[in-house]
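Asks: Sending over a structure as structure tokens; questions will come in a sec.
The values are calculated or read from the model by the stated rules, or taken from the named source; none is laboratory data. In this text, all values refer to a predicted model and were calculated from it rather than measured experimentally. Neighbour counts are summed over all protein chains in view; Cβ atoms, including those assigned to glycine, are modelled from backbone coordinates with ideal geometry.
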């Protein structure tokens, strides 16, 4: 319980946006849907993608079998918050380093149980992004796009979303959201770099 509270407080809206905005601005493939997804994952974790163990296992097995070689610029871990409390573990790199899908499934499900949103942290971060974009655009992120997506998502009670078509086409994302603690366990199980 305390761990979850610490993780949530570490990813407060202002610190989260201060960390993420420069990354988004530097990435030409980031659109407003990708910023929304980042904030959603950073504040809510990956629980939405793990309705139950068997569904999570099937999803991972299907994706695991189709993974190719990781691009040179793809890292094992992409933190979503400045303190690395939660992030995206890139499947291609993990598999290429000898990672096991069953270990990853356990880490993903444990992270989904450990990392919970406190109150309105996603809504607060999302609203703060809108206020910042109203003042000035950041990379490909524009206030009009934020307003459009906000209206669409508010009508649906702010659900999880997919990456933008641009990001999907350029990055072909394949990852799982895990906590820093679970990442450390997984990293210890990988074969040493040669």
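Asks: Working only within region 36-70, note down all residues that are assigned to a loop (DSSP other than H, G, I, E, B), more than 21 Å from residue 129 (Cβ to Cβ) and touching a residue at least 12 places away in the same chain (Cβ under 8 Å).
Replies: Selection gives 50, 67, 68, 69, 70.
Asks: Out of all the residues in region 76-93, which are under 20 Å from residue 24 (Cα atoms) and either at pLDDT 95 or above or buried (at least 18 other Cβ atoms within 10 Å of the Cβ) (or both)?
Replies: Listed by number, the residues that qualify are 76, 77, 78, 79, 80, 81, 85, 86, 87, 88, 89, 90.
Asks: Looking at region 145-174, which of its residues are more than 18 Å from residue 123 (Cα to Cα) and out of contact with any helix residue (DSSP H, G or I) (no Cβ under 6 Å at 6 or more places or on another chain)?
Replies: Matches in region 145-174: 165, 166, 168, 169, 170, 171, 172, 173.
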